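The values are calculated or read from the model by the stated rules, or taken from the named source; none is laboratory data. Just so it is clear, the model here is predicted, and its values are computed rather than measured. When we count neighbours, we look across all protein chains shown, and the Cβ atoms used for this are built from the backbone with ideal geometry, even at glycine. Side chains are part of the model used for accessible areas, which takes the heavy atoms of the whole protein and leaves out ligands, DNA and RNA. Shrake-Rupley method; radii C 1.70, N 1.55, O 1.52, S 1.80 Å.
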Amino acid sequence: AKTHCLPVWTICSAQQALESKMGVKNMIANDRLKNVALLQDESNFYDIVLSRVRTISQPNSIDPYFEDYHKGFTWPDAIGSETFKRFFPFYKPAIDVLRAVSYNLTTLRSSVHFMHQTLKTQRKAKSNELITLWQMFDDVVSYEEDPSGTTAGIAAISSKFNDEYKAYQAGDRIIGQATKGRLKVYASRCKKIIKTLFLYFIAKMHPNGLSVEEVMNSVMEWADHDKGQKADIKDNLDHYEVLLDELAKE
């Protein structure tokens, strides 16, 4: 099995066969061959990745986040404070998109890697904001993984979705070249919007596109993000609607 790079369960089956002849209990083989319904329940996946990537050291600090974000965005109230706490500091739909993207690479371990890397990056930057999809973009597109087993080659977003990635790059250039208007003033936010749309697209989620509200919730920046964050939900919705209209024209 080792010579031919066969999977671990082949080795375990061989161990199991030896075990039956020798009468010696091999705990490794026995444990490996157990049929554990690990991801049968949808919530198991979230429990596993969240426990792998973060530990909440100050649970009492989460409530102020909920109070702050629910004033400017609709998703906190939609999921409720308990679910908000469970996924903190991540925006839950972002995890779902990463999971779908992971299926297009090699394994689900890549989604754990994305979340972990982004969390470390945000900690290093001393960020005090929630983590959403566009913050994970750079880690996702730069990630290369040598697939396990007998499959050769490297899995990477830019190579597997070459045309789509070139389209994203063209959009990014257009925003960067804007000389006036909202695309110039809000260039950074517009780039975060197209990063979000790109990841949803390659994840094959929301094939009919995202609503203004869904884009607002995914990007998760107030209209006046750098000026006190006093904007309410309506202000933010209006702001994103105008940005999306301008992006569509360009």
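Tabulated data for the structure shown
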{"read-out": "In Hz, Karplus ³J(HN,Hα) per residue of region 65-70 (6.51, -1.76, 1.60; θ = phi - 60°; x = Gly, Pro)", "value": "5, 4, 4, 5, 6, 6"}
{"read-out": "Most to least accessible of 48, 193 (protein chains only, probe 1.4 Å)", "value": "48, 193"}
{"read-out": "Cα centroid of region 188-250 to Cα centroid of region 40-90, whole Å", "value": "21"}
{"read-out": "Among 81-91, 115-125, the order from most to least packed when residues are scored by Cβ within 10 Å on average", "value": "81-91, 115-125"}
{"read-out": "Fully extended contour minus Cα-Cα distance, from residue 204 to residue 126, at 0.36 nm per residue", "value": "24.8 nm"}
{"read-out": "R0 of 41 Å, Cβ-Cβ distance residue 55-residue 162: FRET efficiency to nearest 0.05", "value": "0.60"}
{"read-out": "List 205, 220, ordered by accessible area with a 1.4 Å probe, largest first", "value": "205, 220"}
{"read-out": "Region 161-250: C-alpha gyration tensor shape, a/c 1.5 cut-off, then a/b vs b/c", "value": "oblate"}
{"read-out": "Förster radius 25 Å - calculated FRET efficiency between residue 63 and residue 187 (Cβ-Cβ, nearest 0.05)", "value": "0.15"}
{"read-out": "Entries of 120/234; 124/192; 85/124; 204/249 with Cα pairs more than 26 Å apart", "value": "120/234"}
{"read-out": "5 angstrom amide H check on residue 131, placed H, neighbours 5+ away", "value": "90, 91"}
